[in-house]
Amino acid sequence: MATDKSQHLQQVLETHKMLHIEKLLDKYKKTRTKVKEALEENFKDKIYNPINSGSYAKHTAINIKFDLDIVFPFKKDSFKTLEELFDEVYNFLYEKYKNEAVVKKQKVSIGIVFNTDGDEINIDVVPGRELNQEQYNNDYNLNLFVNSLYGLLAEKTYIQTNIQAQIDLIKGKSDERNIIRLLKIWKKTNAAPYKSFFLELITIKAFDKEDISGNLWEKLKSVMEYIRDNVNKDSFTLKDPGNSNNNVVDTLDNAEKNNLSNKMSNMIDNIENYSDNIKTYFPVNDQFEDKNMDRYGLKDSGIIAPSIPNKSQQFG
Amino acid sequence: MDFHNIEEINKIVSTIPFIDVLEDFKQAGIFLEARISVKNLKGLNENLNFDIQIFPQYPLKSHDSEALKFINRDLISYNHVMGDGSICIHTLHSPKLKQKLLADFESLKAWIEKYYINKNNDSHYEHIIINEQPFDDIYYSYQFTKVDYSFKKGEFGKVDLIPLSNGVYKKKTICNFLIKSFQSVKNSIKINSKWSDYYMNFEVKNLGFFIFLEDVPASHNRFAFSNWSELENYIPTDFLQFLHDFKKRNKKPKNTFLPIFFGYKTVKNEIHWISTLVKINEMPIAGSPILDSNGIKLKGQWKSELIDQKINWTITRNSSYKYLFGRGTFCDKITNAKILIIGVGAIGSMVAKTLVKCGAKNINIVEYDVKEPENVCRSEYSFSSGLYDKTFELIKTLHENSPFVNVKFHNNDEYFESFIKALHKDKESQKNYEESLNQFDIIFNCSTDNDLIFVLDQLKLSTDLINLSITNHAKDLVCAFYPNIYKYVQNQFINILDNDVEDLYNPTGCWSPTFKASYNDINLLTQYALKEINRKYDENKPKENFTLSINSENNSNIKFTQY
């Protein structure tokens, strides 16, 4: 039986909502507050007000993989170098939480993984330094220390960004947010090696450049077609709203761009040829899919027959 | 019976512009024979004469050889001339007499220009020509492979031989051996061949001698010497003394024989070994008195010298990895990988054997099941071995197919599947399994076990895990790469593919029905899948899932779907 693609995608979005994991999210928020207060206490006058960023702040989070990000804007004169700033924040967090969490340096952030009553709580701390002395509250421009290879940038350098502009870019764009969430679900469930930020920007650009309309599948398909047709063009750019010099498409090399274009092409063809294929690329989170279960907790009791293998039986 | 129209042949040959016919073709037994002179070629100062012999099969070839020979024994020192003075030519296939004759003469002209006038050398190496003969009506062959050692000119010693098999070769008995190791007399080092552990554990049953000559023991660099006396300037006297001492000391029956291996350098300092067999009481040496400066015999002082005796060349082959797999392998990323195969039923055994045939060097297997006679028809197992543990039989089969693969059981082989499932929720066990599986570069899961896939998908693996399975009737093959295996495979089998679970094969007395498909059905898709997997590794393509489907009633097409 053919699958109604839009209905399926609605269910995918529904089962991946954060509201299904409210208790866990509370733990996250409490942990974030704890980290935030500790940093504020320690660095006091050296920082401006921290801001929540990341997928949760942008309303593009999915419940199978997320972390909470906090950006700490440091004053221009707080440290001599960005590296020193990054290391100080890392050292502080490491000393503070080494007995209760794994603290590690990441590309532009410091990742802290707490284990709270069996749940992993991931908090990412992004230390940034205002671009110009005492200008942060006016322009929100920050320089971030880049700890390892980040696209075309060499190791141990910095990148200018504007977290507020990145958050603002997606404000009020609910259609875009749904497609971004679907692509993030695909990324996570199919181990697709693309950055969420890249998927966000390319989705927003597709909505800007193309007429993206129709039902949910039609919208998603149009965005996928846009990626298929454009990502590997030499002239294609994805400007970081926080830094117009940062072309986010440069995080992919040519082979990766071609692979992504081919991937989109295969996905569209396979789903159009056989609608059930949509379940491979965009699976429902079956942890929160209980409404289809019968009273014994089986989705489809018709598959049960004594002594005969069911359809899922592989051979070989 | 006349095989040819002599008149027609003479007429065609008379039209060829660059030759004079010295003697027309005439019948000589079953052959036609003629004599010609090649003239007027640029750079050819004097005419070149050739005897021509045409075989009854002409213009067809006989086996791989042309059925027409151009012979001039004076040209033996030139490239591509055989021991009987015939020029080695290969021309186009043609059943038409005129076309073939003209092509063969053109080919002779091309040979004269390239090798006689311009004295070109070929870029590829050709082995010297050896007249390999049976010894007392039995053939003996010796295969060698690379060693990590540089032999020095004149170095000699003993060779340990392991018997490989006895069989039939050119309708005579043949005894096949492998060279296991060399033991140099001067420095007592054992120089082991780089065969797999399986072969290196074979017991040494025979002995030989070696002498590394460095230079090629051949006339014109192409025809192996035929008489021991020709080796006089190649073999040092201490080796002859060594032979003499051995003959004296030896208590075996005097007609016992052994091989003597001569080593020399070929291209890029590669070493080739050729071998002769000698009876101990017929060593090709004789004592001769040592003379003083005045030519007077020194009393009681003798030396060994080579005598005028025919060399009994026997068969040697360089079976090192480079040559054994020279005709085609999988890419290095696969052949050099440490590979685990989970489940060696129909698909798993085909995957294992194909990997080995394609040059894989390190394979580990896991299987709990036994081979029953009815498994034989669609897997790589033999009837002749009877009932057998699949792992034991496959390990033997794989070793028999390559002397360069090491095949082992993976830890707790038969309990792997039950243990990993029982322990899959335990964090510590998970870590142990991750560590144990991540030591492999590639894992093929051919177990077709949904529960096992589910468990493996939960692990944090850095290895490449590849799942291969088919639907009933081998209508489709599903290939999935970690970490997109469990849900993808489930969706394929339940929703996408037509997995007919009603038309199954129910063996008499067996409670468990199985799928219907022949060796041909399964192997067709398995080989296609392996070819695609090899391409992904070779071209560094993303490891993305795919399916193969026989998508029409008459098998006319296999549909490849990339996910």
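The values are calculated or read from the model by the stated rules, or taken from the named source; none is laboratory data. As the structure is a prediction and not an experimental result, all values here were calculated from the model. Every residue, glycine among them, receives a Cβ derived from its backbone with ideal geometry; neighbour counts consider all protein chains shown.
Going through A:243, A:262, A:215 one at a time, which residue ends up being surrounded by 13 or more Cβ atoms within 10 Å (Cβ to Cβ), more than 9 Å from every other protein chain (Cβ to nearest Cβ) and at pLDDT 95 or above?
Numbers: A:243 fails: at pLDDT 95 or above; A:262 fails: more than 9 Å from every other protein chain (Cβ to nearest Cβ).
When all the criteria are applied, what remains is A:215.
Within the stretch A:146-164, at least one residue is part of a helix (DSSP H, G or I), at pLDDT below 95 and closer than 25 Å to residue A:246 by Cα.
In the stretch B:488-501, the count of residues that are in contact with an Asp or Glu (Cβ under 8 Å, 6 or more places away or on another chain) and over 30 Å from residue A:281 (Cβ atoms) is zero.
Please work out if residue B:174 is within 21 Å of residue B:263 (Cα to Cα), in contact (Cβ under 8 Å) with a residue 12 or more places away in the chain and among the β-branched types (Val, Ile, Thr).
Numbers: within 21 Å of residue B:263 (Cα to Cα): no; in contact (Cβ under 8 Å) with a residue 12 or more places away in the chain: yes; among the β-branched types (Val, Ile, Thr): yes.
Answer is no for this residue.
Scanning the stretch B:477-488 for residues being buried (at least 23 other Cβ atoms within 10 Å of the Cβ) and more than 7 Å from chain A (Cβ to nearest Cβ) gives a total of 4. So is residue A:12 surrounded by 19 or more Cβ atoms within 10 Å (Cβ to Cβ), modelled with pLDDT of 95 or more and either of a type outside the set (A, V, I, L, M, F, W, C) or farther than 30 Å from residue A:214 by Cβ (or both) or not? Criteria not met by residue A:12.
Selection within the stretch B:461-476: residues that are aliphatic (A, V, I, L, M) and closer than 27 Å to residue B:433 by Cβ. The member of this set that is nearest to the other protein chains (Cβ to nearest Cβ) is B:470.
Residue B:213 meets all of the listed conditions (1) modelled with pLDDT of 95 or more; (2) surrounded by fewer than 18 Cβ atoms within 10 Å (Cβ to Cβ) but one, namely (2). Within the stretch A:164-208, being within 14 Å of chain B (Cβ to nearest Cβ) and closer than 18 Å to residue A:259 by Cα holds for A:186, A:187, A:188, A:189, A:190, A:191, A:192, A:193, A:194.
On the given criteria, is residue B:505 without any contact (Cβ under 8 Å) to a residue 24 or more places away in the chain and of a type in the set (Phe, Trp, Tyr)? Steps first, answer last, please.
Details: without any contact (Cβ under 8 Å) to a residue 24 or more places away in the chain: yes; of a type in the set (Phe, Trp, Tyr): yes.
Taking the combined requirement at face value, the residue satisfies it.
In this structure, residue B:187 does not satisfy being in the same structural domain as residue B:148 (by TED's automatic domain parsing), in a strand (DSSP E or B) and polar (S, T, N, Q). For the stretch B:489-516, how many residues meet the condition of being surrounded by fewer than 20 Cβ atoms within 10 Å (Cβ to Cβ) and aromatic (Phe, Trp, Tyr)? Matching residues across the stretch B:489-516 total 2. Counting only residues that are of a type outside the set (D, E, K, R), outside any loop (DSSP other than H, G, I, E, B) and surrounded by 15 or more Cβ atoms within 10 Å (Cβ to Cβ), the stretch A:89-112 holds 11 of them.
Restricting B:362, B:375 to those that are surrounded by 16 or more Cβ atoms within 10 Å (Cβ to Cβ), over 21 Å from the mean Cα position of the chain (by Cα) and not hydroxyl-bearing (Ser, Thr, Tyr) reduces the list to B:375. Give me the residue from the stretch B:517-541 that is surrounded by fewer than 16 Cβ atoms within 10 Å (Cβ to Cβ) and within 12 Å of chain A (Cβ to nearest Cβ) and, out of that set, nearest to residue A:311 (Cα to Cα). Restricting to residues being surrounded by fewer than 16 Cβ atoms within 10 Å (Cβ to Cβ) and within 12 Å of chain A (Cβ to nearest Cβ), the top hit is B:541.
For the stretch B:123-153, the tally of residues that are under 21 Å from residue B:312 (Cα atoms), of a type in the set (A, V, I, L, M, F, W, C) and touching a residue at least 60 places away in the same chain (Cβ under 8 Å) stands at 5.
Could you tell me which residue of the stretch B:331-346 is surrounded by the fewest Cβ atoms within 10 Å (Cβ to Cβ), considering only residues that are over 17 Å from residue B:364 (Cβ atoms) and in contact (Cβ under 8 Å) with a residue 40 or more places away in the chain? Among those residues, the one meeting the criterion is B:333. Considering B:344, B:351, the condition of being among the hydrophobic types (A, V, I, L, M, F, W, C) and either more than 21 Å from residue B:416 (Cβ to Cβ) or not in a helix (DSSP H, G or I) (or both) is satisfied by B:344 alone.
Would you confirm whether or not the stretch A:266-286 contains a residue that is of a type in the set (A, V, I, L, M, F, W, C), away from chain B (no Cβ under 12 Å) and in contact with a His (Cβ under 8 Å, 6 or more places away or on another chain)? No, the stretch A:266-286 has no match at all.
Here is a yes/no grid of residues against (1) surrounded by fewer than 17 Cβ atoms within 10 Å (Cβ to Cβ); (2) under 23 Å from residue B:361 (Cβ atoms); (3) not assigned by TED's automatic domain parsing to the domain that holds residue B:390:
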| position | (1), (2), (3) |
| --- | --- |
| B:419 | yes, no, no |
| B:431 | yes, no, no |
| B:446 | no, yes, no |
| B:457 | no, no, no |
| B:462 | yes, yes, no |
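The set of residues from the stretch B:410-431 being in a helix (DSSP H, G or I) and aliphatic (A, V, I, L, M) comprises B:420, B:422.
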